[in-house]
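This report refers to the structure that appears directly beneath it.
The values are calculated or read from the model by the stated rules, or taken from the named source; none is laboratory data. No experiment lies behind these values; they were computed from the predicted model shown. Here the Cβ positions follow ideal geometry from the backbone for every residue, glycine too, while neighbour counts run over all protein chains shown.
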Amino acid sequence: METIQESVPDKSVPVEPIVASSMSATPVPARLSLPPKGACWYCEKPLDSVRRFCGKSCADSFDEEAEYNR
Ligand SMILES: [Zn+2]
């Protein structure tokens, strides 16, 4: 019996820093105002408690949908 390992995002993958950027002049992407909920906001994949998305592709996809729903 082989153990099927789920592919886990590498820890070296850059994660967006948790910063209070609401005071900056740069528009804040919708996803940055979301609280980390322990799962990917886009695909619901379980994550650690500080991340919102399992990867950049999910974050990007979420952003795209947020744009359309504006
Ligand atoms: Zn995801």
- Query: Mind checking which residues of the stretch 49-64 are aliphatic (A, V, I, L, M) and touching a Pro at 6+ places or on another chain (Cβ under 8 Å)?
  - Reply: Val50
- Task: Would you mind telling me which numbered condition in (1) charged (D, E, K, R); (2) modelled with pLDDT under 75; (3) more than 10 Å from the chain's Cα centre (by Cα) Glu16 fails?
- Result: (3)
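Residues are listed down the side, and each one gets a yes or a no for (1) exposed (fewer than 14 other Cβ atoms within 10 Å of the Cβ); (2) at pLDDT below 95:
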{"site": "Arg31", "(1), (2)": "no, yes"}
{"site": "Cys40", "(1), (2)": "no, no"}
{"site": "Arg51", "(1), (2)": "no, yes"}
{"site": "Ser57", "(1), (2)": "yes, no"}
{"site": "Glu64", "(1), (2)": "yes, yes"}
- Message: Give all pairs with beta carbons closer than 6 Å in which a residue from the stretch 42-53 that is farther than 17 Å from Ala30 by Cα meets a residue that is near the ligand (Cβ under 6 Å from one of its atoms) and modelled with pLDDT of 95 or more; count only pairs at least 6 apart in sequence or on separate chains.
- Response: Lys45/Cys54; Leu47/Cys40; Leu47/Cys54
- Message: If I go through the stretch 45-70 residue by residue, how many of them are in a loop (DSSP other than H, G, I, E, B) and farther than 15 Å from Ser7 by Cα?
- Response: 6
